[in-house]
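Written below as C-alpha cells is the structure these notes are about.
The values are calculated or read from the model by the stated rules, or taken from the named source; none is laboratory data. Bear in mind the structure is a predicted one, so any value in this text is a computation, not a measurement. Positions of Cβ are backbone-derived with ideal geometry, glycine not excepted, and every protein chain shown enters the neighbour counts.
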Amino acid sequence: MTTDKLDELWDAYNRQGQMIGVQRRGDVMPPATYHLTVAILVFVGPDQLLLQRRGHQKLNHPDTWDVAAGGSALRGETAAQAASRELAEELGLEHSFTTPLTTVWHESWFEAIFAINLPQLTLEQLRLQASEVSAAKIVTLETAAALMSGQSTDWGDIIAQAQTKIG
C-alpha cells in the first residue's frame with residue numbers, strides 16, 4: 001500500500017508553464033499536460049549534501065536515495081511555497097524560498113529545483129516524516145551524484161550549478 005495521497009489536487013500546466021486546469025493525482029495526465037513538482041538540494045557547507053532515502057511505501061522510487069526534500073505542488077501553491085512546505089514536512093526544517101535555481105521538464109511534470117546552504121546542519125536537527133522518509137545522511141557531492149545517478153534528472157550537473165550559485 002502506498003503512502004502517496006492519490007486524491008491530492010494539483011494545478012495542471014501546459015508546456016509554457018501556464019496553468020490550464022486541475023488534475024487529481026490518481027488520474028492519468030492528459031497529453032501535453034504537466035504538474036509542478038519541487039526538489040530541494042540542502043548543502044551542508046561547500047562540499048557536502050543532505051540526502052534522504054525515500055520511504056519503502058512510496059509509489060515512485062521507493063527505498064532510493066534522493067535530494068533532501070521534494071514533491072508535488074498542491075493546487076494553488078507556487079513552486080516556492082511547495083518547496084518550503086515539503087522541506088518542513090519531510091525534514092522539519094524551515095526556510096522561505098523565492099526563485100528556483102532551475103526548472104527541468106519531464107514527460108508529464110516539471111521540476112522546480114531550489115538550493116540552500118545550511119553549513120551547521122546535523123542529522124540530529126532533522127525530524128523525518130516517517131511516511132515519506134526512511135533515513136537521511138550527509139555525503140560528499142561526488143557520493144550524492146553517484147547515489148542519484150540513473151534518475152530522470154541529471155543531478156551531477158545541477159549539483160555543480162547549485163554549488164556555484166550558493167557559494
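Residue pairs whose Cβ atoms lie under 9 Å apart, sitting 6 or more positions apart in sequence or on different chains, and linking a residue in segment 87-115 that is of a type in the set (Lys, Arg) to a partner that is in a loop (DSSP other than H, G, I, E, B) and modelled with pLDDT under 95, do not occur here.
The set of residues from segment 13-40 being among the aliphatic types (A, V, I, L, M) and surrounded by fewer than 20 Cβ atoms within 10 Å (Cβ to Cβ) comprises Met19, Ile20, Val22, Val28, Met29, Ala32.
If you filter segment 83-128 down to residues that are more than 24 Å from Pro46 (Cβ to Cβ) and of a type in the set (A, V, I, L, M), you find that the one that is nearest to the chain's Cα centre (by Cα) is Ala88.
Table: residues versus (1) among the aliphatic types (A, V, I, L, M); (2) out of contact with any helix residue (DSSP H, G or I) (no Cβ under 6 Å at 6 or more places or on another chain); (3) at positive phi.
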| residue | (1), (2), (3) |
| --- | --- |
| Leu93 | yes, no, no |
| Phe97 | no, no, no |
| Gln129 | no, no, no |
| Ile138 | yes, yes, no |
| Thr143 | no, yes, no |
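In segment 111-126, is there at least one residue being touching a helix residue (DSSP H, G or I) at 6+ places or on another chain (Cβ under 8 Å), among the acidic types (Asp, Glu) and under 13 Å from Ala69 (Cβ atoms)? Looking for residues that are touching a helix residue (DSSP H, G or I) at 6+ places or on another chain (Cβ under 8 Å), among the acidic types (Asp, Glu) and under 13 Å from Ala69 (Cβ atoms), one finds none in segment 111-126, hence no.
Applying the selection to segment 19-43, what residues are among the small types (Gly, Ala, Ser) and not in a strand (DSSP E or B)? Walk me through how you get there before you give the answer.
Quick first cut of segment 19-43, residues among the small types (Gly, Ala, Ser) only: 21, 26, 32, 39.
Gly26, Ala32, listed by residue number.
In this structure, does Phe97 turn out to be surrounded by 17 or more Cβ atoms within 10 Å (Cβ to Cβ), modelled with pLDDT of 95 or more, assigned to a loop (DSSP other than H, G, I, E, B) and touching a Phe, Trp or Tyr at 6+ places or on another chain (Cβ under 6 Å)?
On the way: surrounded by 17 or more Cβ atoms within 10 Å (Cβ to Cβ): yes; modelled with pLDDT of 95 or more: yes; assigned to a loop (DSSP other than H, G, I, E, B): yes; touching a Phe, Trp or Tyr at 6+ places or on another chain (Cβ under 6 Å): yes.
Criteria met by Phe97.
Might you let me know whether segment 2-14 holds any residue that is in a loop (DSSP other than H, G, I, E, B) and at pLDDT 95 or above? For segment 2-14, residues in a loop (DSSP other than H, G, I, E, B) and at pLDDT 95 or above: present.
Within segment 148-157, can one find any residue that is closer than 27 Å to Thr33 by Cα and either in contact with a Pro (Cβ under 7 Å, 6 or more places away or on another chain) or hydrophobic (A, V, I, L, M, F, W, C) (or both)? Within segment 148-157, one or more residues are closer than 27 Å to Thr33 by Cα and either in contact with a Pro (Cβ under 7 Å, 6 or more places away or on another chain) or hydrophobic (A, V, I, L, M, F, W, C) (or both). Just name the residue that is modelled with the lowest pLDDT out of those in segment 34-92 that are among the β-branched types (Val, Ile, Thr) and over 17 Å from Leu9 (Cβ atoms). Restricting to residues being among the β-branched types (Val, Ile, Thr) and over 17 Å from Leu9 (Cβ atoms), the top hit is Thr64. I want to confirm something. Restricting to segment 109-167 and keeping residues that are out of contact with any strand residue (DSSP E or B) (no Cβ under 8 Å at 6 or more places or on another chain), within 17 Å of Gly92 (Cβ to Cβ) and of a type in the set (Gly, Ala, Ser), which single residue is surrounded by the most Cβ atoms within 10 Å (Cβ to Cβ)? Residue satisfying both the conditions and the ranking: Ser131.
Residues of segment 129-145 that are within 16 Å of the chain's Cα centre (by Cα) and outside any strand (DSSP E or B): Gln129, Ser131, Glu132, Ala144, Ala145.
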